[in-house]
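Below: the structure, in structure tokens.
The values are calculated or read from the model by the stated rules, or taken from the named source; none is laboratory data. A quick note: this is a predicted structure, and the numbers were derived from the prediction, not measured. Here the Cβ positions follow ideal geometry from the backbone for every residue, glycine too, while neighbour counts run over all protein chains shown. The area values use the complete protein model at the heavy-atom level, side chains included, leaving out ligands, DNA and RNA. Shrake-Rupley method; radii C 1.70, N 1.55, O 1.52, S 1.80 Å.
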Amino acid sequence: MAQSNGKPLGGIARAFAAMRGRLYQPPDVTIAGVDPSNWPSSLQPVQPVGPKGSQPLGFSFWQGLNQEITPRPDSDVTFSDLRDLATYPLARLCIENVKDILCSMPWKIQMKRIPGEPIKAWKEKQKDDAVIPKLMEFFAYPDGETPWSDWLRPVLEDMLVIDAASILVQRTMSGQVVKLRWTDGAQFLKLVNDQGYTPDVDSPAYTQLWEGIPRLFLTTRQLVYRPSNIVARNTISSKLYGQSITEQLKTEILIGQERLRFVLAYYTEGSVPGLVHVIKPGVTPDKINEAMQWMNSELSGDLAKRRQWRVVQGYAEDRDDQIIQLKEPVLSDAFDDLHIRKIAFGYGTSVQRLLKAMNRASAESSQDSAEKEGIMPRLKWLKGTMDLIIQRQMDQPNYEMVFDTDDELDAVKQAEVDKIRVSTGLDTIDGIRDDRGQIPFGLPETTQPIIITATGALPLEGSIDRTNQAADDASAVANKPTPSPVVAGASPKPKPAEKKTLKSAKEKTESIFIDTDKLTPANQKLLPGMEHRIGRWFKASAKKASMAIGDHFAGVTKMVKADSDDDTQTEWLAGGKKLPKIESDAIRAAALLGWRAMNWKALADELMAYLQAGADSGVQTGMDDSGGSSTTEEKAAEVAAIYAASRSAEMVGTVRDANGNLVEDPDAHWAISDATLNDLEKTITQGIEEGWTVNQLAAVIEASYGFSSDRATLIAENEMMNAQTAGTVAVWSNLDTTTIVRWRVNDLAPRVEDECDDYEAQGDVPLGHEFAPGLFFPRSHPGCRCRLEVITVPKL
């Protein structure tokens, strides 16, 4: 409870809450200027009977409405009725189609754009934003185990059928949202305050029922209850609960169900054959009944026999038999076409696939427009619900979820669109690759806008200068004087050979700084993807580690607490391995179980591609600064590839053998796997000391910093910067110059006395010098902002 000067503030908080609910102040009880003695007079109004302090009502509800324990108490359609209606095949097809479209629609999290803010500034602001990757990762698996598309389907089902979509919000003790779970909206009662509105956030707002019995209360911070269409009619229910599309189509669906039963009965119970034999008048009823009973018993429900020819013995010898060909009943007519259109229109899905075929182009155009226009209201509801969760439940008011409604599912059409965007300079090749979730190339040709002409691709930058130069060249050709004719037999005087100059490496002794606190634009684009990959792997590994440790935690606890001397040998559950009964050994063994359950090699393989791209971008930076040759660039690229392969292995405590396979390396430097093992050991130790259960231990492991998104961000940023620096250093190492380096502590960064001061004190050293074992350049630790000064001296 909050306190001030030792006094609890709960009463004050409740008082302020009461004041917020009573912002209405009643006017005078009489109307100024109305005099009952006048004739005619409108007279004063009938005085209200509400008690003092009454507030305006949202609607006229029942006295004691919150005592009602039946959802939709006065509605003629219950939640159960609506779900029965939704089993109608045509309605079910439309519902599933809407769910398919919405669940497959691409989405992303972005910052809300401030009115008047330039688009470029808005996009730049989001590049280094740390919240967006976390929200993207969270909504990829909203409940921690189910992918977005699968998680969303039951939510949409409740919106379309009962209009009571409900999402349970689960939080940590500190109030952080950790899971969003779908829950059945038909089991909730809506509560109201004395004004008929939803109670405040700290008050009960919903009652959850179990078999019709109130089970518990939930607040608006614990349950997101989102009807999409509350239509106030003549019932209490209509003012509290939504009117779903299924309820709006109730009559149409009932007609469709009856018509479907009629068609089904034709095939299962009908006995009218294709032919009728008319007999001569005077035949006794017994004879007719005998014939009809025979026919019904033979043909009822048997479609094969009903379609075959039948010969029936006649009853009159003096007259030929009369055979009548019966007309088949109409099982489908214009009504069915209209019925299909109504159902499809109501749910907002395309009707083209359910009707007779038409011209293909017209059908596709009609289908695309129907899906986009019909699905838009459902999409707006979905966006509003997700924005409510992000901005109110997760306390991130500056962010929103957006959906790509223009995404082209046809790969050929999408390729054409991408080609047009690139060739006209509207987007870059790396921009398109980034949109498709692919790693950008990071090349100069792919990071800048280009225009494609008949003669090839040209950079958009400088296009005006090229146009002006072409016009000048054309003018010069047009105004060029006609050359004098050459006399026969004479040869033109040869021109002296022109001198050719070759660009070489920089010839002056100069000094540059390789910064380790600024990523290239290409690597800035790569970084969020790398953070997401590491964070996703951490999340999955935390579960694996906690499960592996949990299986043996009780045995470890028992072993540690056992009262025996250190020389006693015991056979432990971990594969029957005998360990000395020493606490540290048992805890270390348990930590190793969890550590080995994590697939470290898979992480190394995933990160190698990112480190390779980061190092390649560093190579390009080094080439721009040094002016090296193409040979230098090729050699540096080889070094960058070796660095990516070796560092991705070293990060997880391994090394790559001659065949590229990962094998354990006890001498690996700066391995994140070592820190993870130590963290697991500390957590297990704390769990034993404090008497945790297996579930408590698992919860702490999964919520620990060692498996957090913050650690993933730190690792990704540090490793990407190191890869970039490695690529740049590789260029300088392959120049035809003598290169020396100096470690420089960044004077602009906050100064902390650490090992970096010792590295700076080493002074001028050759490039390739180890400042510490395995350390050839900054960074020496996470957060290091030191720089490497490179000095080149031409070789004699």
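In whole Hz, what ³J(HN,Hα) sequence does region 531-538 give by Karplus (6.51, -1.76, 1.60; θ = phi - 60°), x for Gly and Pro?
Taking θ as phi minus 60°, the curve returns 4, 5, 4, 5, x, 5, 5, 4 Hz for region 531-538.
For His532, what accessible surface area do you get with a 1.4 Å probe? Give it in Å², rounded to 10.
Counting only protein heavy atoms, His532 exposes about 60 Å² to solvent.
Could you put Lys179, Lys112 in order of accessible surface area, largest first, with the 1.4 Å probe and the full protein assembly present?
Lys112, Lys179
What accessible area, in Å² to the nearest ten, does a 1.4 Å probe give for Lys682?
140 Å²
What order do Phe139, Phe403 take when sorted by accessible area (1.4 Å probe), most exposed first?
Greatest to least solvent exposure: Phe403, Phe139.
With a ≥ b ≥ c the root eigenvalues of the C-alpha gyration tensor of region 173-232, is it rounded (a/c under 1.5), prolate (a/b larger than b/c) or oblate? Kindly include the intermediate steps, with their values, before the conclusion.
Numbers: a/c = 1.40, a/b = 1.22, b/c = 1.15.
Rounded shape, in that the Cα axes give a/c under 1.5.
So who's got an amide H within less than 5 Å of the one on Arg171, skipping anything under 5 residues away but keeping other chains? H placed 1.01 Å off N, in plane.
Those lying under 5 Å, H to H, from Arg171 are Val178.
Using a 1.4 Å probe on the protein heavy atoms only, what accessible surface does Leu168 show? Give it in Å² to the nearest 10.
50 Å²
Please compute the per residue accessible area over region 655-719 with all protein chains in place, 1.4 Å probe, rounded to a whole number of Å².
Working: 3420 Å² over 65 residues.
It amounts to 53 Å² per residue over region 655-719.
What are the ³J(HN,Hα) values, in whole Hz, obtained from phi via the Karplus relation 6.51 cos²θ - 1.76 cosθ + 1.60 with θ = phi - 60°, for each residue of region 605-619 in sequence order, with x given for Gly and Pro?
5, 5, 7, 4, 5, 5, 5, 4, 5, x, 5, 4, 5, x, 4
Where does each of Phe61, Phe776, Phe138, Phe345 land when they are ordered by accessible area, with a 1.4 Å probe and the largest first? Can you show the working numbers first?
On the way: Phe61 55, Phe776 90, Phe138 25, Phe345 170 Å².
So the residues, ranked largest to smallest area, are Phe345, Phe776, Phe61, Phe138.
Give me the net charge of Gly384's neighbourhood, meaning all other residues with Cβ under 15 Å from the Cβ of Gly384; Lys, Arg count +1, Asp, Glu -1.
+3
Using the Karplus curve 6.51 cos²θ - 1.76 cosθ + 1.60 with θ = phi - 60°, what ³J(HN,Hα) values do you get for each residue of region 155-164, in whole Hz, with x for Gly and Pro?
Each residue of region 155-164 in turn: 5, 5, 4, 5, 5, 7, 9, 10, 6, 9 Hz.
Of the peptides 191-200, 33-42, 254-263, how do they stack up when ordered by the mean number of other Cβ atoms within 10 Å, highest first?
Averaged packing, sorted descending, gives the order 191-200, 254-263, 33-42.
Once amide H atoms are built 1.01 Å from N in the peptide plane, which residues 5 or more positions from Lys108, or in another chain, come under 5 Å H to H?
Close amide H contacts, sequence-distant or interchain: Val402.
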